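Trainee: One structure, as structure tokens, below. Some questions next.
The values are calculated or read from the model by the stated rules, or taken from the named source; none is laboratory data. From a predicted model like this one, the values you see are computed outputs, not experimental measurements. Cβ placement follows ideal geometry from the backbone for every residue including glycine, while neighbour counts extend to all protein chains displayed. Just the protein is used for accessible areas: all its heavy atoms, side chains included, with ligands, DNA and RNA removed. Shrake-Rupley method; radii C 1.70, N 1.55, O 1.52, S 1.80 Å.
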Amino acid sequence: MPDETGGPVAVRPRQRVTVRVVGLAIIALALAPLLVASPAAHAAEQRITAPAAGTTATGPVTVVAQVTPDAGEVIQGVTARLVGPVERSAALERGTSEGEWRGTLDPTTRPALPNGTYQLAVQATPVVGPPSDPATVELDLAVPPPRRELTAEPDAADATRVVMSWEPVALPDFIAYRVQRRPDADDGEWTTVHRLEDPRADGVVDTVGQPGPYRYRLIVVRADGRGGELFATSPIRGVTADPADPGTFTPPPEPEPRPAGTPEPQPGVPPGGPVQRPDDTPGAGPTPTPTTPPTQTADAPPAQRPQATVRPPAIDDGADAEVVTPPRPDIIPADDGVFEELLPFEATESEVEVTDTEAAFIDGSTREGGSLAVYTEEAESPRGVLTAIAGGLVLLVSSAHVRRFMSGAGGR
């Protein structure tokens, strides 16, 4: 643009920046309606109904999910995943009810998953569009090791040597094989004679110090994911490690070994241990049994409850039982003035003679059971007043009819 002298005017850099900012603002205002009008992306609503959060799984996990698709959306499939030290996934299938998807995640299939804490994630995938955000719950895996069969027999060359074999396990958290032995006697104790920490080990040879019959068992140990151990014990095998009469036998079954840290059961003590009260001192001996108070009824205060003492007859001489009957309550006479203040009329006393098997009531009647009774009756009975009024009305109406009849007869 020329100035007053006709020369060009230079455009300053600040003015150029202002022009660019204004241009960007105009473009943003133009695109705003398009951004507002574009529909927002919706995802299917999903939730895990089984297993519950915090569940400890000791085997295959059954997963149940409820998936509600958005309007017009079609679900192509639903996937369940265990996310932890190792990840494992499985496709869910449609259940029997609407929106239900079911499937199984097996942590024992090879390669086996290590025990520990996992996130169970369920994610739905629509036919069109990206997968939805997964629904998750936390669960613990504490799967015991597989139980192995143990083969044990005396060596043909030396019967004091017992040859054992088993199928090895493939566990990521394997701890050890424990081969235990005890004499074939009721008071024999199990002793770990071999400990093998290589999961690929499949056998061992044990040499006994004293010939005779023995029992053997194999214990597979793995970690539980929380600092403890899980066990699986083989069936017990009997071996006669004696050169004079070598062979095998089948001993009776025995209880499984208790996990480490579990106290042995004690006679007379419940499985949960003795009950410790706040005022008990550990080691002070058992808590004395409190004396049971006598049974009381709820319809009277304790001071007014007479107790009957019954002594049963002795078994040897058959003497009669001594029975102390509680005293009967005193009968309040009717003329003691207790109820006179509440009566709207004066009371008179009357006596009714009854037999020993009859009882008299306030209306003058007698019934079976009872003896002499004292009762009160009204000085002026309301029934008599009503009867007199009714009789007067009857006479008045009757006299009116008679006069009408006489008047009619006289007119004739």
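Trainee: When only the heavy atoms of the protein chains count and the probe is 1.4 Å, how do Leu171, Leu218 rank by accessible area, highest first? Could the numbers behind the result be given before it?
Mentor: Details: Leu171 25, Leu218 0 Å².
Of Leu171, Leu218, the descending order of accessible area is Leu171, Leu218.
Trainee: Ok, one more. Using only Cα positions of the stretch 56-127, each an equal point scatterer, no hydration layer, compute I(q)/I(0) via Debye at q = 0.27 Å⁻¹ and quote the log10 values to two decimals.
Mentor: -1.24
Trainee: Output wanted: per-residue J couplings in Hz (rounded whole) for the stretch 182-196, from phi through Karplus 6.51 cos²θ - 1.76 cosθ + 1.60, θ = phi - 60°, x for Gly and Pro.
Mentor: For the stretch 182-196, the Karplus curve yields 8, x, 7, 9, 5, 9, x, 10, 6, 10, 6, 9, 8, 10, 10 Hz.
Trainee: Moving on to the next point. Using a 1.4 angstrom probe, figure out how much accessible area the stretch 87-210 has per residue, in square angstrom, rounded to the nearest whole.
Mentor: Numbers: 6740 Å² over 124 residues.
Dividing the accessible area of the stretch 87-210 by its residue count gives 54 Å².
Trainee: To continue, here is another question. For the stretch 116-201, which trypsin sites (Lys or Arg not before Pro) are in a loop by DSSP, counting at most 10 other Cβ atoms within 10 Å? Present the calculation step by step, with values, prior to reporting the outcome.
Mentor: Details: sites: Arg147, Arg148, Arg161, Arg178, Arg181, Arg195, Arg200; in loops: Arg147, Arg148, Arg200.
Those satisfying the criteria are Arg200.
Trainee: Based on C-alpha coordinates, I'd like the Rg and Dmax of the stretch 90-157, in Å.
Mentor: 20.3, 73
Trainee: Once amide H atoms are placed 1.01 Å from N in the peptide plane, what residues at a sequence separation of 5 or more from Thr248, or on another chain, have their amide H within under 5 Å of its amide H?
Mentor: Thr240
Trainee: So what does His401 come to for accessible area, using a 1.4 Å probe and Å² rounded to 10?
Mentor: 120 Å²
Trainee: Then there's this: Roll a 1.4 angstrom probe over the protein heavy atoms and tell me the percent of accessible area of the stretch 60-117 that is carbon or sulfur.
Mentor: Values: 1520 of 3160 Å².
Here carbon and sulfur together make up 48 percent of the probe-accessible area.
Trainee: Just flag the GluC sites (Glu not before Pro) in the stretch 59-105 sitting in loop per DSSP whose Cβ has no more than 10 other Cβ atoms within 10 Å. Spell out each step's value before the answer.
Mentor: Working: sites: Glu73, Glu87, Glu93, Glu98, Glu100; in loops: Glu73, Glu87, Glu98.
Of the GluC sites (Glu not before Pro), the ones in loops of the stretch 59-105 whose Cβ has at most 10 other Cβ atoms within 10 Å are Glu98.
Trainee: Around Val179, what is the net charge, scoring Lys/Arg as +1 and Asp/Glu as -1 over all other residues with Cβ under 10 Å from its Cβ? Don't jump to the answer; show the numbers that get you there.
Mentor: Working: positive: Arg178, Arg181, Arg195, Arg217; negative: Asp206.
In short, +3.
Trainee: OK, next. Could you pull out every residue, at least 5 positions away or on a different chain, whose amide H is within less than 5 Å of the one on His194? Hs are placed 1.01 Å off N in the peptide plane, and Pro or chain starts have none.
Mentor: Val179
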